[in-house]
Each structure stands twice: as C-alpha cells, then as structure tokens.
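Below you'll find the structure, written out as structure tokens, and then a few comments.
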Amino acid sequence: MLNIIIVILMLLGLFFFFGTSVGLIHFPDFYSRMHAAGKGDTLSTALILTGLALYHLQDFSLATLLVSLKIMSIVLYIFIASPTATHAIMDAGFESGVKHWSKADQPDKNKGEVK
C-alpha cells in the first residue's frame with residue numbers, strides 16, 4: 001500500500017514538472033512564465049521529495065528516520081525559499097521595466113508584424 005502512495009506522489013510530481021515546462025514554453029511574457037515556474041516547481045519538488053521520504057521509511061530504523069526528516073526539512077526550505085525567490089525575480093523584472101503582455105502586442109495575422 002505504501003508503494004502505491006509513493007508512486008502516486010512521484011507521478012504527480014512529474015506531472016507538475018511537465019506542466020511547468022509547458023508553461024515556460026507556452027506563456028507569452030516574463031511574468032506568466034515566472035508564475036508557472038514558481039508554482040509548479042515548488043509543488044512538484046515537494047511531491048517528489050515527500051515520496052522519497054516515504055520510500056526511505058519502508059525499512060524503518062533510526063538512520064532512515066533521520067534521512068526522512070532531513071528530506072522533509074528540505075521540503076520546508078523549498079516551500080519558503082522558492083516563492084520568495086520567484087517574487088524577488090519578478091520584482092526585479094518589474095523594476096527594470098519589463099512590460100506585461102497585452103493583446104495589442106500580438107502580430108497581425110494578415111501582415112505578420114506587430115501593431
């Protein structure tokens with residue numbers, strides 16, 4: 001039963017990593033790409049590392065308990081540091097004048113150039 005939970009957590013983590021990659025390629029501007037990277041990376045890393053921590057607890061001993069606690073402390077650090085870093089990068093982009101995407105920035109389909 002524990003193996004099924006571990007596999008589900010890791011597959012969900014991979015799914016969110018894939019979604020993050022698609023978001024980085026598909027979204028039109030800096031801010032939406034950073035949003036996809038920040039949210040998806042945090043959640044997917046937490047899911048995969050939680051699955052890894054549970055995997056180590058299968059053969060329960062003091063050493064595996066300590067390893068799992070260390071892995072969960074990494075998850076806690078990522079939950080704090082990743083959104084903070086994403087916010088700082090987006091704020092730096094805003095302060096340096098990176099423009100938000102707008103529909104007017106799209107190329108005209110007939111002419112192939114920006115309005």
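The numbers here are math on the coordinates, done by the rules we state, and not lab data. No experiment lies behind these values; they were computed from the predicted model shown. Please note: Cβ atoms are built from the backbone with ideal geometry, for glycine as well, and neighbour counts cover all protein chains shown.
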If we count other beta carbons within 10 Å of each Cβ, what is the order of Tyr77, Tyr55, fewest first? Tyr77, Tyr55
The chain, Gaussian network, Cα under 10 Å: of Ile78, Ile89, Ile48, the residue fluctuating most is Ile89
Mind sorting Leu76, Leu43 by how few other Cβ atoms lie within 10 Å of their own Cβ, fewest first? Leu76, Leu43
Nearest-20 debye value, the chain charge dipole, Cβ charges on Lys, Arg, Asp, Glu: 240 debye
Fewest Cβ neighbours within 10 Å first, please rank Met1, Met72 accordingly. Met1, Met72
For the stretch 2-98, Kirkwood radius (reciprocal of mean inverse C-alpha pair distance, Å): 14.6 Å
Expected 222 nm ellipticity per residue - DSSP helices of 4 or more, -39500 (n - 2.57), all of the chain, to 500: -27000 deg cm²/dmol
